[in-house]
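A.B. asks: Quick one: structure below, then a few questions.
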Amino acid sequence: MFSLVKENIYIAFDAIRSQLLRTILTILIIAIGITALVGILSAVSALENTISSDFSSMGANTFNIQRYDFNNQRANDNEKIKPVISYRDVKTFKEDYQFPFTKTSISFVGTATAEVKYDNEKTDPEVQVYGVNENFITNSGLEVKLGRDLNYFDVENSNSVCVIGSDLRKALLKDVNPLNKTISIRGAKFKVIGVLKEKGATFGNNQDLRVLLPLQKARTIFTNSNINYSLSVKTDKKDMLEGAQDEAILLFRNIRGLRPVEDNNFGIERSDDLINRIGAITGILSTVAWIVSIITIFGSTIALLNMMLVSVSERTREIGVRKALGAKRATIAFQFFIETIIIGQLGGAVGIILGVLAGWGVSAAAGFDFTTPWLAMISAVIITFIVAVLSGLMPAIKAAKLDPVESLRYE
């Protein structure tokens, strides 16, 4: 039995070589559908990985109170402009918010275009400087890789200390121990007490090129009266998040002086809301990938079927000779069936390679975290096998049913 299978495989490859151009075209038709499927699913998977890791920077079990909602940053011109969240708002909130097992962080962006200096070295004016309190790093899902976090006394005493991002360390303090080194921001000097673990970029926003300053100290440097602050609340347990959020909304509405009939004039965003929203978008992209690939694969099934029917017609005399020499119907059918499966799998292999390369290229260009799309690849193998079975069934049956006498007379 094994020798018969081996012989049929050899015959199949000989037949493929004899009609090379037609086979290549059929393989490419199959590969296009598989490329679309694997490529899009690879890119979608990479996007999901990036979103999950990057938006986890909000931290687990957290929600933010900010000026606008994440999905509507004044994108609608008809929307009422919301007032900035002032220092008085956030200070009152932190003092009055007493929900159990929660930590509240306060932060603001002093500038996104700071120039940081160390000795005779300086960065380009693209460093983000934040004023934060002692809970910011924990609530934001950040980690201190070297040194220590900002603490309560640093914030309340306006200590001239800072925590820097990993890219800023590489730019200024690469060859030295950064701890206790003094850097300069807008003429003010700060001692480095910690270095953050690398986070990477989110949609072009480099999270590692930044400096975190104690909130009170940062307020003495960035004195713009229109500074917008953000609040982040983290709960110790996920099942407490809903209650913590409801109480925070009620308190902040009171701080803003809103009447019961008035809408919130601030935005609130949960960490899992962002991921769920992106997940819905990626789900649509996955569905589109399957629809496109199924349409293309349907066309490739017809192409492979037609090719094999033509192959049966062209090799009618060969089939007659083999039957005259004692080949059974099952042997003839199996020969064409094997040939169809080989062509289908070759098309699938080419499609998988092109799809992975396409997904990797899109991921690299967009800065996504690419991972090998095993599910898409396994799906591609199964699909190409089904295509081969469906396409090879009719030609195999037709070849098996040919009359040997009539086949020998075929010209």
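The values are calculated or read from the model by the stated rules, or taken from the named source; none is laboratory data. As the structure is a prediction and not an experimental result, all values here were calculated from the model. All Cβ positions, glycine included, derive from the backbone under ideal geometry; neighbour counts span all protein chains shown.
A.B. asks: Take segment 80-123 and flag every residue that is surrounded by fewer than 12 Cβ atoms within 10 Å (Cβ to Cβ) and either at pLDDT below 90 or on the phi > 0 side of the Ramachandran plot (or both).
C.D. replies: LYS80, ILE81, PHE101, ASN120
For every residue, the table says whether it meets (1) touching a residue at least 60 places away in the same chain (Cβ under 8 Å); (2) small (Gly, Ala, Ser); (3) not in a helix (DSSP H, G or I).
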position: SER300; (1), (2), (3): yes, yes, no
position: MET308; (1), (2), (3): yes, no, no
position: GLU318; (1), (2), (3): no, no, no
position: ALA330; (1), (2), (3): yes, yes, no
position: ILE343; (1), (2), (3): yes, no, no
position: ILE352; (1), (2), (3): yes, no, no
position: PHE368; (1), (2), (3): yes, no, yes
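A.B. asks: Exactly one of (1) surrounded by 15 or more Cβ atoms within 10 Å (Cβ to Cβ); (2) under 20 Å from TYR87 (Cα atoms); (3) within 33 Å of the chain's Cα centre (by Cα) is unmet by GLN207. Its number?
C.D. replies: GLN207 satisfies all of (1) surrounded by 15 or more Cβ atoms within 10 Å (Cβ to Cβ); (2) under 20 Å from TYR87 (Cα atoms); (3) within 33 Å of the chain's Cα centre (by Cα) except (2).
A.B. asks: Out of curiosity, is THR123 closer than 30 Å to LEU241 by Cα and in the same structural domain as LEU209 (by TED's automatic domain parsing)?
C.D. replies: For THR123, the condition - closer than 30 Å to LEU241 by Cα and in the same structural domain as LEU209 (by TED's automatic domain parsing) - is not met.
A.B. asks: State which residue is farthest from the chain's Cα centre (by Cα) when the search covers only segment 248-264 and only residues that are among the charged types (D, E, K, R) and loosely packed, with under 15 Cβ neighbours inside 10 Å.
C.D. replies: ARG259
A.B. asks: Let me ask something additional. When only residues in segment 144-192 that are closer than 15 Å to PRO214 by Cβ and touching a Ser or Thr at 6+ places or on another chain (Cβ under 6 Å) count, which is surrounded by the most Cβ atoms within 10 Å (Cβ to Cβ)?
C.D. replies: Ranking the candidates gives PHE190 first.
A.B. asks: Right, another one. Given GLY283, GLY347, GLY320, which one is of a type outside the set (Lys, Arg) and loosely packed, with under 14 Cβ neighbours inside 10 Å?
C.D. replies: GLY283 is the lone residue from the list that is of a type outside the set (Lys, Arg) and loosely packed, with under 14 Cβ neighbours inside 10 Å.
A.B. asks: From GLY347, GLY351, GLY367, which residue is within 19 Å of the chain's Cα centre (by Cα) and assigned by TED's automatic domain parsing to the domain that holds SER45?
C.D. replies: GLY367
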